[in-house]
1. Would you tally the residues in region B:1-24 being closer than 12 Å to B:S74 by Cα and open to solvent by less than 20 Å² (accessible area, probe 1.4 Å)?
2. Run B:V78 past the list (1) among the β-branched types (V, I, T); (2) over 13 Å from the mean Cα position of the chain (by Cα); (3) within 14 Å of another protein chain (Cβ to nearest Cβ) and report the number of the one that doesn't hold.
3. Please specify each residue of region B:81-112 satisfying the condition of being within 14 Å of chain A (Cβ to nearest Cβ), open to solvent by 10 Å² or more (accessible area, probe 1.4 Å), farther than 17 Å from A:H41 by Cβ and touching a residue at least 60 places away in the same chain (Cβ under 8 Å).
4. Only residues that are touching a residue at least 40 places away in the same chain (Cβ under 8 Å), within 24 Å of A:T26 (Cβ to Cβ), open to solvent by 20 Å² or more (accessible area, probe 1.4 Å) and part of a loop (DSSP other than H, G, I, E, B): list them for region A:77-115, please.
5. At least 2 residues that are farther than 21 Å from A:M100 by Cα and of a type in the set (S, T, Y) in each: list the strands (runs of 3 or more DSSP E) lying fully within region A:1-76 that qualify.
6. Can you pull out every residue in region B:49-59 that is touching a strand residue (DSSP E or B) at 6+ places or on another chain (Cβ under 9 Å) and not in a strand (DSSP E or B)?
7. For a quick check of your reading of the model, give me the residue pairs whose first member lies in region B:36-47 and is in a loop (DSSP other than H, G, I, E, B), whose second is open to solvent by 70 Å² or more (accessible area, probe 1.4 Å), with beta-carbon atoms closer than 6 Å and at least 6 apart or on different chains.
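The values are calculated or read from the model by the stated rules, or taken from the named source; none is laboratory data. For clarity, every value in this text was computed on a predicted model and none was experimentally measured. As a convention, Cβ positions derive from the backbone with ideal geometry for all residues, glycine included, and neighbour counts pool all protein chains shown. For the accessible areas, the whole protein counts, side chains as well, though only heavy atoms, and no ligand, DNA or RNA atoms are used. Shrake-Rupley method; radii C 1.70, N 1.55, O 1.52, S 1.80 Å.
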Amino acid sequence: DAGITQSPRHKVTETGTPVTLRCHQTENHRYMYWYRQDPGHGLRLIHYSYGVKDTDKGEVSDGYSVSRSKTEDFLLTLESATSSQTSVYFCAIRKGSASMNTEAFFGQGTRLTVV
Amino acid sequence: DQQVKQNSPSLSVQEGRISILNCDYTNSMFDYFLWYKKYPAEGPTFLISISSIKDKNEDGRFTVFLNKSAKHLSLHIVPSQPGDSAVYFCAASPLGGSNYKLTFGKGTLLTVNP
């Protein structure tokens, strides 16, 4: 267990409503990521963080925002949920540094359904 | 523009034989390469990695080979076991810093038949 907790694990929401997913880590790792997994697309990066208040966009960031106000929490917000955002969302954490390569550890995922 | 490509969506092998999963990449800035295994309804789990300064890394039944000139890596599983049946993702990353992203391929579904 890499000390990552995603909440909620399952959620059904209506189109147009805001939704926030939470990723919490106990490892004090610097890097945190949000991915979505969809059939035929693999894992696609939504946003990532390289430190408190330091975030950047991934390849599928439209319609999503993130915040990281403390090391252990990385929040993903769907500002106005759409059916195309129905997916399984994974959070990942990674130690890493400018000179060290490390693996990332993933949470169990959040299954989000937008109806 | 897909920077990490796994061109085989699926692979089926017999138990005890070798499984070879392939991955190609296009970004010359990638410095570190990883393989993940994923079972249904679970998060991906790290399997094995290789740095760009090496061409081979071995861990038990799993070996990853890197050919930098061809921008190609492969994962060999010997011998394959039914419990290896899962989706395998190839991933790549530059060195750390603010651009320390992991880019994944679309995955290959491996089925190992008893």
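1. Matching residues across region B:1-24 total 4.
2. So B:V78 meets the others, but not (3).
3. Residues satisfying the conditions are B:P94, B:L95.
4. Across region A:77-115, the qualifying residues are A:K95, A:S97, A:Q108.
5. In region A:1-76, A:4-7, A:64-70 are the strands (runs of 3 or more DSSP E) which contain 2 or more residues that are farther than 21 Å from A:M100 by Cα and of a type in the set (S, T, Y).
6. B:S52, B:K54, B:D55, listed by residue number.
7. Going by the 6 Å Cβ cut-off, the qualifying pairs are B:G43/A:Q108.
Residues checked against (1) more than 9 Å from chain A (Cβ to nearest Cβ); (2) over 14 Å from the mean Cα position of the chain (by Cα); (3) within 28 Å of A:G109 (Cα to Cα):
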residue: B:D31; (1), (2), (3): no, yes, yes
residue: B:L34; (1), (2), (3): no, no, yes
residue: B:K38; (1), (2), (3): no, no, yes
residue: B:G43; (1), (2), (3): no, yes, yes
residue: B:F46; (1), (2), (3): no, no, yes
residue: B:K54; (1), (2), (3): yes, yes, no
residue: B:V64; (1), (2), (3): yes, no, yes
